[in-house]
Structures are given as C-alpha cells and as structure tokens.
Amino acid sequence: MTVDAGTPARRSRSRRDEILQIAVVLFASRGYHGVSMDDIGAAAGVTGPALYHHFAGKDAMLVAALIPVSDRLLTRGRECVDRHPGDPKAAIEELVEFHVDFALDEPAVIALHLHELDRLPEEPRRKIRRLQRLYVEVWVEVINALHPHLTTDEARVLAHAAFGLMNSTPFIGTGVERIRRAALLRTSTLAALNHTVLPGQPQGQAQRQGSAETPGEPA
C-alpha cells in the first residue's frame, strides 16, 4: 500500500490505509487477539479518538483488509482469463504471474486469510468466503480447459495445490531476493499445473512404478 501525498481528501484516505497496513502487520505477527487498538494506535502514532475516527474497532480493520483484497483477486483473475480467450495455457501463465506478485506483495494479508478469517462476524466472513470460492473457480475453469480429461473436482485439487505453493510467502522469509523468489514460485506452480495424472491411471500406480525402478528396492 502506498501513501499518496495529493489532495487533502486523498491524504486523509491514505492515512487510513497506512493505519490499516500497520494493523495488518501486527495481526499477522502477533495474532488477532494479541493486538489491541492501543497497540495499533501506538505503532501508527495515532491517539485513541483519531484511531476510532478511521475504524470502529479491530473487526472493522480486519474486514477492511480482507474484503477489498478478495474483490481485487476475483476481478483481476477474471481479467487475466478474459485476455486469453481460447488459450488456457496463456491464461494460466498470467494467473500464476499475477497471484505470485500478489503473494509477494501481501504476505501479511495472506496470513490473515489463513489464520484470522474466523474472527470476523458471520456476514463479512461469508462474503469473503464467497469471493474466495469464485476466485478458485476462475482457476478451475482454466485448468479444466488446459486438461480436459480431469474432472472439475480434480481440477479443483490442482487449483488448491497451486495456492498452497504461491501462498507460502508468509513462511519463506526474505533470504532469497524477490526476483528469484518470484521465479521459483512461478516455475514450481506452473510445473504442478502443467503436469497432471494421466486419465484412468489408478491411484498409487505412479508411486509403485517409481519404487520398482529404484536400484536395490525389493520387487
């Protein structure tokens, strides 16, 4: 999130974004219940009344952090696909590139999705989960087009596996430079999506074949 030094109205809006970003990082690092409004205010250099001018409470901050992100993912995901009608390979490559960039930019938001979503009241929680399901289905449709022999449920397994790879950014640290991290995540995710189980291959067959071919392994 960036701070805009434009008009007074935009400065006010970007100050709210700045406070929200600080709250997201604190929630992700300490847990939702490990952070108070006073903690957020102190980290942001904002007094209590000024903080409540922007947000009614921690729930409101969590909603403000997660719903726009879920909306953005769905909108951008659909745009990626719409740019490549009839070309699922190009569509999946753009989807992966987009989501990897998002995951590298917003690891704290991903951590909130993974660990704190259930803290929300029912209505915003249901809205976020609906947006998430719709985003997953964007990927499922493309994967089905890329691999027509897969069932929809099988394509969904691959989609969630891909998210597992890409959404690992809260846990992988920064020991590898960003460009290299992005390349590793894109390559591994595309490898998982482009190489699928052959139609009709029994479960476990590939593993059994691999064991039989390993030198020294009993038949």
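The values are calculated or read from the model by the stated rules, or taken from the named source; none is laboratory data. Not measured: the values here are computed from a predicted model. Heads up, the Cβs are rebuilt from the backbone with ideal geometry, glycines too, and the neighbour counts pull from every protein chain shown. Only protein heavy atoms, including side chains, enter the accessible area calculation; ligands, DNA and RNA are left aside. Shrake-Rupley method; radii C 1.70, N 1.55, O 1.52, S 1.80 Å.
Return the residues of segment 177-219 that are at pLDDT 60 or above, among the hydrophobic types (A, V, I, L, M, F, W, C) and open to solvent by 60 Å² or more (accessible area, probe 1.4 Å); say none if nothing qualifies.
Within segment 177-219, I179, L184, V197, L198 meet the criteria.
The rows are residues; the columns are (1) open to solvent by 10 Å² or more (accessible area, probe 1.4 Å); (2) not in a helix (DSSP H, G or I); (3) not β-branched (V, I, T).
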residue	(1), (2), (3)
C80	no, no, yes
P85	yes, yes, yes
V100	no, no, no
V109	no, no, no
L114	yes, no, yes
K127	yes, no, yes
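Can you tell me how many residues in segment 150-161 are within 20 Å of A90 (Cβ to Cβ) and in a loop (DSSP other than H, G, I, E, B)?
1
Report, by residue number, each residue of segment 165-175 that is assigned to a helix (DSSP H, G or I) and open to solvent by 50 Å² or more (accessible area, probe 1.4 Å).
L165, F171
Answer yes or no: is there a residue in segment 146-162 that is touching a residue at least 40 places away in the same chain (Cβ under 8 Å) and within 17 Å of the chain's Cα centre (by Cα).
yes
Can you work out which of the residues in segment 130-158 that are among the aliphatic types (A, V, I, L, M) and within 20 Å of G86 (Cβ to Cβ) is most open to solvent (accessible area, probe 1.4 Å)?
A145
One residue is enough: does segment 55-78 have a residue meeting the conditions open to solvent by 60 Å² or more (accessible area, probe 1.4 Å) and outside any helix (DSSP H, G or I)?
yes
Name the pairs whose Cβ atoms lie under 7 Å apart, with the first residue in segment 36-48 and surrounded by fewer than 13 Cβ atoms within 10 Å (Cβ to Cβ), the second not aromatic (F, W, Y), and 6 or more positions between them or separate chains?
The qualifying pairs are T47/G41; G48/G41.
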